[in-house]
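To keep things clear, I will list the structure first and then write my remarks on it.
Readers should treat all values here as calculations from the given coordinates under stated rules, not as data from a laboratory. Note that this is a predicted model, so its numbers are computed, not measured. In this analysis, Cβ positions are derived from the backbone assuming ideal geometry, glycine residues included, and neighbour counts consider all displayed protein chains.
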Amino acid sequence: MRETGTDMLAREESAVPMRALLAGARRKEAAIVERTRRLVAAESPSDDKAAVDACAALAAAECKALGGRVKLHRQRAFGDVAEVRFGPKPKTGAGASVLLLGHLDTVWPLGTLKTMPFRVRDGRLWGPGTLDMKAGVAMALTAVEMLTEAGMLEREVVLLLNSEEELGSPVSRPITEKLAQECAAVYVLEPAQGLAYKTARKGTGNWRIEIKGVGAHAGVDFEKGASAVRELARAVETVSGWTDLKRGLTVSVGVVGGGTKSNVIPAEAWAEVDVRIARKGDGARMERRFAGLKAQDRRCSLAVTGGINRPPMERTRGTVKLFERARALAADLGFALEQTATGGASDGNFTSALGVPTLDGMGAVGEGAHASHEHVVVEHLATRTALLAGMLAG
């Protein structure tokens, strides 16, 4: 890829010794793997507070060993949220720090390690939570360690490890937003998209449609019944028709249920709906549409609950500026960094919506997040860690 004027300017402005950072990261590759192993061994399903707390305690101990100032935001129903500050305390007020944003919870239940053990094989780290996103946390700790040892950590780095990101971040969101507003930039430790950083993400919404009809014998009293399943089918067709691919808006009915027996007119039915939006304005638009959904059969009643959970992470000037800097530093490391957009959401959606420049996908490279073949590609760990360290040092 031909170097642009922006690349050259960013390179001139940066005095970060990227080759030295890369050499340091390569020396610490085994340590990154071992940190990842310890975090993966501490299984941490989102819905198990004790397990997530144990993983947070492990991470907090690692952070303290690196000189981090740890604060635990205690929670009742979910795991505790860990906030750690490294480096000098800011002297110039808001905007002097940078936020490293991650999470420790996974989608995997306790006991998954028995069937998906952590292992290093064929140049990959395998196991539950390796890619999403415990390797990213290990990379962040190693990047901070490298900068501290080299005397290059000249500004405060705030590491936030949330406990229920996979559930929509119901308790950590206000903590994330508060810290982000105190920082100049947010770096999200979610997995890379291929080899690229993410500069845009879709927002997400979830709705549940519940229908109540009139039950009756399907043979004796057919005409006295009002099928909730049939009414649900109408609703499914209606909301599915709201998909607009040109706008990046999708409506997917993912789970449905209803009825009791084949010879009974169903009195109840329900559906769960996933919505993805690329534009912030479409969130309010979809909420109005769902609120206006009505049953066509007057004998049936229809109720809707839910809403937009995460606003979209739109590609802003501030985020693009962060990416251009990252691309220039990557060029120093000898590779071309690309940017991409994705339909998935993260906690970075919250920070970007506040207007804080947010760069996502800065964690590990691999495949199979939330799948049985989840893994991290080892050969990219050192390079990605060096790049993350370079961004923190800038």
- Which of 176, 250, 351 moves most in a GNM of the chain, Cα contacts under 10 Å? 250
- Query: If R0 is 35 Å, what FRET efficiency do you get for residue 301 and residue 50 from their C-beta distance, rounded to 0.05?
  - Reply: 0.30
- Query: For the pair residue 23 and residue 367, how long in nm is the line joining their label points, each one 7 Å along Cα→Cβ?
  - Reply: 3.5 nm
- To the nearest 500 deg cm²/dmol, what mean residue ellipticity at 222 nm is calculated for the chain from DSSP H runs of n ≥ 4 alone, each contributing -39,500 (n - 2.57), summed and divided by the residues? -10500 deg cm²/dmol
- Per principal axis, descending, Cα span of segment 271-315 in whole Å: 47, 17, 11
- Item | Mean Cα-pair separation over length for the chain, i.e. relative contact order, pairs under 8 Å, 6 or more apart, % | 24 percent
- Pseudo-spin-label distance residue 245 to residue 336, built 7 Å along Cα→Cβ, given in nm, is 2.8 nm
- Query: Relative to the compact globular guide of 2.2 N^0.38 Å, what is the alpha carbon radius of gyration of the chain, as a ratio?
  - Reply: 1.11
- Query: Along the principal axes of its C-alpha atoms, what lengths does segment 204-310 span, in descending order and rounded to whole Å?
  - Reply: 51, 22, 21
- If you place +1 on the Cβ of every Lys and Arg and -1 on the Cβ of every Asp and Glu, how big does the dipole about the Cα centre of segment 62-151 come out, in debye to the nearest 20? 240 debye
- Message: Suppose every Lys and Arg Cβ carries +1 and every Asp and Glu Cβ carries -1, with no other charges. What dipole size does segment 19-80 come out with about its Cα centre, to the nearest 20 debye?
- Response: 440 debye
- Query: Straight-line reach from residue 212: which lysines have a Cα under 21 Å away, not including same-chain ones fewer than 8 places off?
  - Reply: 224, 261, 294
